[in-house]
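Step one of this worksheet: look at the structure below.
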Amino acid sequence: MDVMEAIRARRSIRAYKPDPIPEDALLQVLEAARLAPSAGNRQPWVFYVVRSPEVKEKLRAAYGAEWLHAAPVAIVACGLPDKAWTRTDGKNYCDVDVTIAMDHLILAAWELGLGTCWIGALDAAKLKEALALPEGVEPVAMTPLGYPAEEPPVRPRKPMEEFAKFL
Ligand SMILES: Cc1cc2nc3c(=O)[nH]c(=O)nc-3n(C[C@H](O)[C@H](O)[C@H](O)COP(=O)(O)O)c2cc1C
């Protein structure tokens, strides 16, 4: 599958099979995120790979949807704002960098037949508590990772003429 195929076919998956993820597939997905570009190459991120059922259970406090817990793995993408590059006007690029890495992970997962669903509506304070995150480690997003148990239809996008302004 080439990159464009993965981009076209990927869907947010909200139903998972309990089947375990082979170790090499999990490592490949993480490798895609590790290789992502970041502002100033600061790599201001840490990805928590939650496999332990006990720890995964604790994530319920931060996001209760059943499909998150049905997947064999949950990945919590965290930023390290103090390590991130900052623009001259003060804008911190941490969330941008973490987002790019997460998108790499999501597309690499799809190529391997693995589903994900970006979760932004999480309770960051509860997530920090659940994972006992150290000071300075900020959750940006999380996703379940597992084999899809659904085939969602294409979700609509803005047409090109609304999306791109050619000047
Ligand atoms: C930044 C961001 C936050 C999102 N947060 C959630 C979320 O909290 N819960 C959820 O079910 N989906 C969430 N989504 C998934 C979107 O709903 C989904 O990407 C969108 O509806 C398009 O569908 P598709 O991903 O299948 O193309 C989020 C997506 C993004 C990019």
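Data overview
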quantity	calculated
Candidate set from segment 42-80 (those that are buried (at least 16 other Cβ atoms within 10 Å of the Cβ) and among the hydroxyl-bearing types (Ser, Thr, Tyr)); member that is nearest to Leu26 (Cα to Cα)	Tyr48
Residue in segment 111-119 that is more than 14 Å from the ligand (Cβ to nearest atom) and within 18 Å of Glu57 (Cα to Cα) present	no
Helices (runs of 4 or more DSSP H) lying entirely in segment 4-84 (those with 2 or more residues that are away from the ligand (no atom under 15 Å from the Cβ))	23-34, 53-58
Pairs, first over 24 Å from Leu68 (Cβ atoms) in segment 1-28, second among the small types (Gly, Ala, Ser) and at pLDDT 95 or above, C-beta under 8 Å, six or more apart	Met1/Ala9
Enumeration of residues in segment 131-148 that are under 20 Å from Glu57 (Cβ atoms) and within 16 Å of the ligand (Cβ to nearest atom)	Pro139, Ala141, Met142, Thr143, Pro144, Leu145, Gly146
Residues of segment 85-98 satisfying the condition of being in a loop (DSSP other than H, G, I, E, B) and either touching a Phe, Trp or Tyr at 6+ places or on another chain (Cβ under 9 Å) or closer than 15 Å to Ala36 by Cβ (or both)	Trp85, Arg87, Tyr93
Qualifying residue in segment 86-95 (condition: within 15 Å of the ligand (Cβ to nearest atom), at pLDDT 95 or above and within 23 Å of Ala62 (Cβ to Cβ))	yes
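The values are calculated or read from the model by the stated rules, or taken from the named source; none is laboratory data. All figures in this text were calculated on a predicted structure; none of them were measured in a lab. Heads up, the Cβs are rebuilt from the backbone with ideal geometry, glycines too, and the neighbour counts pull from every protein chain shown.
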